[in-house]
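As structure tokens, the structure follows; a few thoughts come after it.
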Amino acid sequence: MRAAVPPVRIGIIGAGLMGRELAVAIGRWVALVDHPVRPVVTGVADPEPAARGWFDRLGTVRISTDDWRRLADDPEIDLLYLAVPHDMHEQIYVGAAEAGKDFLGEKPFGIDHAAAERIAEAVRRSGVFVRVSSELPFFPGALAAWNLARSGQLGEILEVRSGLSHSSDLNRAKPINWKRRAATCGRIGVMGDLGMHVAHLPLRLGWEPASVYAMLDDVVTERPGPDGVPVRCDTWDNALLALRVAEPTRRDGRTFPMLWETKRIAPGQSNTWWFEALGMDGGVRFSTRTPTTVERFHVVDGEQVWETLQPGHRSVWPTVTGAIFEFGFLDTILQMWATFLADRAGALGDRFGTATIEEALAAHRVFDAALRSHETASAVSPR
């Protein structure tokens with residue numbers, strides 16, 4: 001008979017949508033096969049009583065407070081999920097590290113590159129275990145693409161494309177919120193909001209850009225405030241980054257082009273993430289618009305062939321769900337948390353895991369370079 005798995009007590013700081021998604025994922029935890037950790041939400045911190053009140057239905061919350069420090073300082077909370085606006089990242093992430101708390105931090109891991117570096121330094125000093133949220137690469141098709149790309153079967157890389165587009169801001173009458181203000185979202189705008197999802201897979205493959213040329217677009221410059229009066233929107237709505245990456249198999253310094261695309265205003269899209277890599281010997285592409293399939297390119301008997309594969313319900317951590325069934329967004333949240341907690345427990349091995357601090361810093365260097373590129377209308381180095 002299997003020994004009882006000890007609980008890991010989680011405190012959620014920021015009781016919004018993603019905090020609720022964690023609670024839902026934990027409710028489905030029994031779907032995971034032989035996971036070494038049993039998470040329990042025991043604390044919630046948020047300035048809004050109504051947001052905290054949603055978690056009363058769990059029956060496990062011991063602390064409900066408007067003061068995040070109570071969770072950071074509580075010895076009976078093992079780790080934290082930090083799901084707060086970007087302008088609060090540095091204070092709370094550094095505070096959690098100094099309190100000795102492991103945590104999963106929301107992207108982009110600081111409002112800007114300088115803040116991210118200070119957070120990373122606090123984490124290094126404290127020695128706590130920290131990862132960064134990025135759930136979309138946990139689709140089975142995305143992982144199949146990652147495995148094929150890292151296998152070397154693509155041969156010499158020709159080009160890579162990675163993106164996330166949705167239409168959340170297509171409606172010009174949508175009221176302003178914190179993601180549409182540089183003071184709370186950061187000058188990097190949509191790149192901070194969506195960019196870690198786009199950067200995660202390429203950076204995990206070692207494709208860190210050597211140069212950045214950015215095309216940034218501020219489409220909707222005003223939105224209704226709480227009283228209906230227009231308020232300035234001063235963040236970037238859409239960003240297209242043209243990057244150059246050193247081709248790892250070449251000794252002559254050849255680079256290949258990589259495009260990162262992040263859009264809040266993308267007509268025809270809901271919340272579409274995609275990844276494509278083409279090489280001399282093969283190619284692979286996946287999009288969440290067709291989540292049950294992944295496409296693979298190769299040459300058969302001299303003919304160029306794109307074939308469609310069905311990866312099934314197979315992500316990083318096995319579940320009781322049969323492979324023939326379809327995978328969805330809630331499954332990505334469950335898999336992200338399963339890998340984070342398994343990694344923290346030393347049980348992940350070489351399987352694909354949650355974004356690291358080093359990857360978050362690399363992404364920030366690219367986004368910072370994108371701002372400089374836009375200002376100078378030139379390609380710049382992110383290093």
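The values are calculated or read from the model by the stated rules, or taken from the named source; none is laboratory data. Nothing here was measured: the structure is a model prediction, and the numbers come from that model. Because the Cβ atoms are built from the backbone with ideal geometry, glycine has one as well, and the counts that use them run over all protein chains shown.
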Notebook entry, point to check: So is T339 within 19 Å of S162 (Cα to Cα) and within 22 Å of the chain's Cα centre (by Cα) or not?
Noted result: no
Note to self: Restricting to the range 97-116, and then to whatever is over 20 Å from the mean Cα position of the chain (by Cα) and buried (at least 21 other Cβ atoms within 10 Å of the Cβ), can you tell me which residue is farthest from F340 (Cα to Cα)?
What the structure shows: A97
Item checked: Number of the exception - V212 against (1) out of contact with any Pro (no Cβ under 6 Å at 6 or more places or on another chain); (2) within 16 Å of R383 (Cβ to Cβ) -> (1)
Next item on the list: Answer yes if at least one residue in the range 153-166 is out of contact with any strand residue (DSSP E or B) (no Cβ under 8 Å at 6 or more places or on another chain) and charged (D, E, K, R), and no otherwise.
Entry: no
Item checked: Qualifying position, being surrounded by 14 or more Cβ atoms within 10 Å (Cβ to Cβ), under 19 Å from G141 (Cβ atoms) and without any contact (Cβ under 8 Å) to a residue 60 or more places away in the chain, among F327, F275, F297 -> F297
Checklist line | the range 218-243, residues that are within 22 Å of the chain's Cα centre (by Cα) and surrounded by fewer than 19 Cβ atoms within 10 Å (Cβ to Cβ) | finding: L240, A242
Next item on the list: Give me a count of the residues in the range 131-153 that are over 18 Å from the mean Cα position of the chain (by Cα) and assigned to a loop (DSSP other than H, G, I, E, B).
Entry: 3
Next item on the list: Please enumerate the residues belonging to the range 10-47 that are of a type in the set (D, E, K, R) and loosely packed, with under 12 Cβ neighbours inside 10 Å.
Entry: D34
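Considering the range 314-372 alone, what residues qualify as being hydroxyl-bearing (S, T, Y), modelled with pLDDT of 95 or more and over 23 Å from L205 (Cβ atoms)?
T319 - this is the single residue of the range 314-372 that is hydroxyl-bearing (S, T, Y), modelled with pLDDT of 95 or more and over 23 Å from L205 (Cβ atoms).
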Next item on the list: Those residues that are out of contact with any strand residue (DSSP E or B) (no Cβ under 8 Å at 6 or more places or on another chain) and assigned to a strand (DSSP E or B), I need them from the range 230-249; list them, please.
Entry: none
Checklist line | Members of the range 335-361 found to be among the charged types (D, E, K, R), part of a loop (DSSP other than H, G, I, E, B) and touching a residue at least 12 places away in the same chain (Cβ under 8 Å), listed by number | finding: R351
Next item on the list: Quick one: which strands (runs of 3 or more DSSP E) lie wholly within the range 11-84 and hold at least 2 residues that are of a type outside the set (S, T, Y) and either under 26 Å from G192 (Cα atoms) or under 22 Å from the mean Cα position of the chain (by Cα) (or both)?
Entry: 38-45, 79-82
